[in-house]
Each structure stands twice: as structure tokens, then as C-alpha cells.
Amino acid sequence: MKFSVLVAILAEDLEERAIEVARRSGAAGVTILGGRGIGATEKKTFFGLTYEGSQSVLVFVLEKKLSLTVLKNLCRELDLRNHSRGVIFTIPLEHIAGIDMKQIQQFEAHIKQDI
């Protein structure tokens, strides 16, 4: 079984919805990190202070085919093509250790449903 890491860097207010979409799509676990970003355009300042919105970084370890399904569903349901409020990408995994066997069984069950 081949695995990928799916990383979703999203506006913080999209975090819960993204996790819900990912779970419905077959993802089991997620690691959630906080973040801040600097975009291509300058943000407006107020009394010399610049407000950069908080971001959530969601990291999923998924079976390779499942990662594409989750990515597509997140893009569609969060409307990321029309509203630039995040970025999602996958990275192939060469080696992995410590993944829960229950999670692998879930991946297998999800793949069997697709077949």
C-alpha cells in the first residue's frame, strides 16, 4: 500500500469544516498545527499594525488514491477555486512507521468500496 501526506493550509475558520469533509471522504486522523502566513499582496494596516489572519495547517497521512479523493472534495466543498482561502497539496511518502493498523484497515475498506 502506498501513502501520501496531504497538507491543507486554510483560513482558521475553515478548520472544522475541512476536518468534517476529510472524514466523510475517508480520512481517519489529522494533525492540526497553527500558523500565520504572508500573502502576495500587502495587508491593510490599522494604526501601524498589520493584521494577518490565523491559519490552520492540517496534516493527513492517507493511502495514495484516497489522498486525491480527499483533496478534490476539500477543494470543491470549501470552494477554494473561487475563494483563495487556502492551499492543499500532497507529498508522496517513501517510508512510514508507526501507523495504526486500524487506520490501514479503514483505508482498505474505503478502497474496496471504490472498487
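The values are calculated or read from the model by the stated rules, or taken from the named source; none is laboratory data. What you are looking at is a predicted structure, and each value in this text was computed from that prediction instead of being measured.
What number of residues within segment 1-25 satisfy the criterion of being part of a loop (DSSP other than H, G, I, E, B) and modelled with pLDDT of 90 or more?
Total satisfying the criteria: 1.
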Discussion item. What's the total number of residues in segment 14-25 that are of a type in the set (A, V, I, L, M, F, W, C) and over 11 Å from the mean Cα position of the chain (by Cα)?
Written reply: 0
